[in-house]
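Taking it in order: structure first as structure tokens, then the write-up.
The values are calculated or read from the model by the stated rules, or taken from the named source; none is laboratory data. The structure displayed is predicted, hence computed values, not measured ones. Using ideal geometry, Cβ is built from the backbone for each residue, glycine included, and neighbour counts are taken over all protein chains shown. Accessible surface is based on the protein model in full, side chains and every heavy atom, while ligands, DNA and RNA are left aside. Shrake-Rupley method; radii C 1.70, N 1.55, O 1.52, S 1.80 Å.
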Amino acid sequence: MRIHAIFGGIGSFAVRFRWLVLVAWVVAAVAIPRALPSLSSVTQGNNANFLPASAPSEHALQLAAPLGGSTLTPVPVVAASQGALTPADQAWLGTLQQDLGKVPTVVRVRDLGRSPDGQAAQLQVLSNVSGGGTGSGLTTLVKDLRDTIARAGPPPGLSVHLAGAVAVNVDQQSKSGSTDSQIQLLSIIFIIGLLLLVFRALLAPFVTLLPAVFAVIISGPLVAEAAHHGLKVSPLAQILLIVLVLGAGTDYGLFLVFRVRENLRAGLDRGQAVTAAVERVGESITFSAATVIAALLSLLFATFEFYSNLGIPLAIGIGVMLLAGLTLLPALLAIFGRAVFWPSKTQAGTGKTGVWGRVSARIVRHPVPTLVAGLVVFGGLASAVSAYTAAGFGGNTTAPAGSDSAAGTAILSAHFPDTSANPTNIIYRLSQPAWNDLPALAAARSQLAASGLFTTVTGPLNPNGGALTPAQLTALHDRLGAPQALPPTPPPGTTVSPSGYQLYRATALYISPDGRTVQFETGLAAGDPSTTAAMNAIPAVRAEAATVMRSLGATDYGVGGQAPALYDISSISNSDLAHVIPIAIAVIGLLLALVMRSLVAPLYLIVSVGISYLAALGLSVLLFVDVAGDGGLVFFLPFLMFVFLLALGEDYNILVMSRIREEAQTLPIRDAVSRALVATGTTVTSAGLVLGGTFSVFAIVGAQQGSTQFRDVGAGLALGVLMDTFLVRTLLVPSTVVLLGRWNWWPSRMGRSAGPTRPQAVPPPERSRAAQP
């Protein structure tokens, strides 16, 4: 066939110019990372950065712009003394404020005033670097701020530390090490160990894995370069790029390496074995990669940019891996030849059917019981999906013991008890300046506090734990002017008390310079803003904020912060799930129809993936919600699981079904299924173990570092891949093929004939076609 000739030509080129191909890949792996930026330098850890402008939490950010924060990342800087702050301390803090403003990415530094006890002060650094605590941009910001503080040299007795979510998360990352490097190293170790057991050969694991490692090295900088041209890259995309390319890349390598070994056992020399393998398996590898890329690019139709920007980095990685699998891997196999499989046997006639010979015999003899039993088991697991509950991004953010952020958090708690490092903000746009009706603000604060939804409500009349009456605040405004313009210390001739002066300066955080925008910082009674309970409380919070807006006579309102952003993300995620999945199914169904030359096979192949998806999601619910007692699974898990399992599951479908189709050209369908399972059984199970194992490493590292979102995604995908490998692809699909017979290939010529389309001209699988040692 023409398509086989194309891949045969690719294989012949890789074999003939094997040393040139190897040198080209080595040069690329060295030059590209040096010429392009690193992936970690462009990640954006704050998922709110991916929300569309129409999201309510984004509207709140726009309303808050007159207050000076807007979309900037805040980092609190707190200073505390054993006694009252001295004039020297305050003068030094004024100098520090100017020095911090010179740090790269820092837009401005705000003085939030002194604590009620006079022993502490708080600055707020606002940076245009992405928030969230992950990625080298935030790490660099925190390091630069701390270096600036150290160079400034605090006066004796004054302790100065960073606080807030950004500093805490950076310290957690520093303590636990680099997550992506750890996952990459552990994945490589796992894959090599597993492949040593599978091949029982010394070189084969390294030859199989090396193209995937090259693809990781090259694709990371390529994605980073795309980020400099507008692509947004999340930390999840960064880690999934490593896991997916190593796992799926090794799978593609296994497809080819097992076929080369099979050809060597058939008596071909190494050049012929590699060329013939690429000719036959190249189509399967290409269409497998194409299904993954198509599923990933279907994410472009999502409205949530976290999803739509997730597909491109991973598609780039799979594209590079496909190129490496069709060129570098054949070149390596041609260079090393039979030595790749030493000390196992590759002489002609070696090999045996092993366990897959017995499995295939049972399936072709009893397809109906096999299919029914599988459907019952999967249906039972899928029923647990009804207990699925969406969760946020994990529990409370706790600073590592002994860290700088832990000391900063302690100062905040001791001296600014009403200040939350992660508040939920309620913002109002007024029809007239707030100074004209301050009693209305007092009533609004009281109404919010009486709702029972908040533990604290801090606003213009109680900044930094102090208290001002509407009359006092009006008098201070009349006397001192806008609080944003005041210096850190009272200017000469000021008749206002130092404590009153500092309280008034602190109101700059809550009233805009024109007085038409006000905000209240609240602590949620439902818990930490990162929790599921807090996320689920947002509809009630927004409803209460709307009620207060009407009482206040405001023209607009918004609720901002982490919990509102998570709620919006969850809502948009559910909407994307409904309209992206049909697109992914249609695209992959079309690709399957092309590679299978059939309209029937794609239907049950996609259904099989859907069954394994529901079963894997149900099993995840049983393990983490029912058994472990978690409040729910991270809310984007169903979306990612479906897209990834649809794409990766079809990889194995294509390999198995392509081999069944190949064998069915010369054999009756039952014999074709049996021979195909013998030939591909070890390949599929090994590939599934590799991919499932790399996702398991992802889950384990995430759990160790306290990231429930990484744990949920890794475990869910691992369970789905393993069930797909050992049950769906090797039991349910072959049983269905046997039952449908020639209708599998309808409307192609094979679907219209009653038997094999070509006479048998191949030796039996027991002697030369077995892929299993």
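Positive end of the dipole of the chain, charges at C-beta (+1 Lys, Arg; -1 Asp, Glu), about the Cα centre: which of 75, 289, 634 has its Cα farthest in that direction? Of the candidates, 289 comes out farthest on the positive side. Can you tell me the orientation of helix 538-552 relative to the chain, as the angle in degrees between its alpha-carbon axis and the longest Cα principal axis, to the nearest 10? Helix 538-552 sits roughly 30 degrees off the main axis of the chain.
Would you mind calculating the relative contact order of the stretch 671-730 from Cα pairs under 8 angstrom and at least 6 residues apart, reporting the percent as a whole number? Relative contact order comes out at 36 percent. For the stretch 586-640, the extents of the C-alpha atoms along the principal axes are 47, 17, 11 Å, listed from largest to smallest. For the stretch 618-698, what class follows from the C-alpha gyration tensor (a ≥ b ≥ c being the square roots of its eigenvalues): rounded when a/c is under 1.5, otherwise prolate if a/b is larger than b/c, else oblate? Because a/c hits 1.5 or more and a/b exceeds b/c, the stretch 618-698 counts as prolate.
With an 8 Å Cα cut-off and a minimum separation of 6 or more residues, compute the relative contact order for the stretch 227-312 in percent. The partial results should precede the final answer.
Details: 49 pairs, mean separation 25.6, N = 86.
Here the relative contact order equals 30 percent.
Once the convex hull of all Cα atoms in the stretch 654-757 is built, its volume per residue stands at 83 Å³.
Taken over the alpha carbons of the stretch 457-504 as equal point scatterers, the Debye sum produces base-10 log I(q)/I(0) values at 0.13 Å⁻¹ of -0.27. The share of accessible area on the stretch 72-159 that comes from carbon and sulfur is 55 percent, using a 1.4 angstrom probe.
Placing a pseudo-label 7 Å from each Cα along the Cα-to-Cβ vector at residue 389 and residue 366 gives an inter-label distance of 4.1 nm.
Heavy-atom accessible surface of the chain, averaged per residue, reaches 36 Å², computed with a 1.4 Å probe. In the chain, a dipole from Cβ-located charges (positive for Lys and Arg, negative for Asp and Glu) runs towards its positive end, and of 588, 371, 578 it is 371 whose Cα lies farthest in that direction.
Calculated on the alpha-carbon coordinates, the convex hull of the chain measures out at 154 cubic angstrom per residue. For the chain, a crude dipole built from +1 on the beta carbon of Lys and Arg and -1 on the beta carbon of Asp and Glu, taken about the Cα centre, is about 3260 debye to the nearest 20.
Comparing 535, 468, 519 along the charge dipole axis of the stretch 452-572, the residue lying farthest to the positive side is 468, per the Cβ-charge model. In whole percent, what relative contact order does the chain give with Cα contacts below 8 Å and a gap of six or more residues? RCO, the chain: 20 percent. What separates the Cα centres of the stretch 197-230 and the stretch 603-676 is a distance of 24 Å.
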